[in-house]
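Contents: one structure, followed by commentary.
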Amino acid sequence: METIILIPPSEGKNIGGKFEPKKLNSNNQKLLNELNSYKGNLEKLYGVKGDNLEKVKEINSKIKTSKTLPAIERYSGVVYNGINYDTINNKELFDKKVYILSGLFGLINAKELIPNYKFKINFFKADKLWKEENKEFLKDYFVIDLLPLAHRKAVEYENGIEVEFVIIKNGKAIPAGHQGKFIKGRFVRWLIENNIENIDKFDEFNEVGFKWNGKKFVKLD
């Protein structure tokens, strides 16, 4: 059984584009229609206000006509800094195994051409919209799931593992937060560069003190 690695998109995105606008499928268009017809509080929906809200509105108004970039070039958040795709060995394997779960575009690989946009997976029940399609796609894979909780609501698989990074502080396990995002990226890079297919070798990964305990990666504070 082949292995597939699931990672989230990022709020941070590089602007501009080099390629033709994306042709939207029916789910993309349905969600975009929901967004365009939304009459509620956009500040609350997007979590931004003022000039930032105006920028988001402009970006989203051009989703169908904006030039595109490969997804791995579009996303610029902490996970992607950890991956550092430009310097990774075996990019072909990365492009084959790593999939990004976008709220607007669903499961996409690194080379999928996408425009700049802002759309969270909890908008307009996008997680439910994608879930059946994602379940069908993932049924033949072993899934290494690095998704946050909101995105996990949009996937279902029979074979796989949810990978968490936690810090033990005062005897209690707490999410690794910002540091956890970066280490997720480093972990993805390690998985690809070492062609890791299952959890048997997870205990060989050891960066900035995170160690596999058989269930999750743990670091003592």
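Taken together, the values in this text are just the output of simple stated rules run on the coordinates, not laboratory data. Fair warning: this is a prediction, and the values are worked out from it, not measured in the lab. Cβ atoms come from the backbone with ideal geometry, glycine included; neighbour counts cover every protein chain shown.
Taking the stretch 148-159 as the region of interest, how many residues are crowded, with 19+ Cβ neighbours inside 10 Å and more than 18 Å from Ile108 (Cβ to Cβ)?
Here the count works out to 0.
Can you find, within the stretch 164-221, the residue that is nearest to Pro8 (Cα to Cα) among those that are among the small types (Gly, Ala, Ser) and not in a loop (DSSP other than H, G, I, E, B)?
Gly185
May I ask you to list the residues in the stretch 77-101 that are touching an Asp or Glu at 6+ places or on another chain (Cβ under 9 Å), farther than 15 Å from Leu147 by Cβ and not in a helix (DSSP H, G or I)?
The answer is Ile88, Asn89, Asn90.
Mind counting the residues in the stretch 125-147 that are touching a helix residue (DSSP H, G or I) at 6+ places or on another chain (Cβ under 9 Å), closer than 25 Å to Trp190 by Cβ and either free of Cβ contacts under 8 Å to residues at least 24 places away in the same chain or surrounded by fewer than 17 Cβ atoms within 10 Å (Cβ to Cβ) (or both)?
Residues that pass the stated criteria total 0.
Which residues, taken from the stretch 14-44, are in contact (Cβ under 8 Å) with a residue 24 or more places away in the chain and either within 25 Å of Tyr80 (Cα to Cα) or surrounded by fewer than 10 Cβ atoms within 10 Å (Cβ to Cβ) (or both)?
Listed by number, the residues that qualify are Asn14, Ile15, Gly16, Gly17, Lys18, Phe19, Glu20, Pro21, Lys22, Leu24, Asn28.
For Lys67, are the conditions met, namely being surrounded by fewer than 15 Cβ atoms within 10 Å (Cβ to Cβ) and of a type outside the set (Val, Ile, Thr)?
Answer is no for this residue.
Every residue in the stretch 111-150 that is aliphatic (A, V, I, L, M), over 21 Å from Asn198 (Cβ atoms) and under 14 Å from the mean Cα position of the chain (by Cα), please.
Ile114, Ile121, Leu149, Ala150
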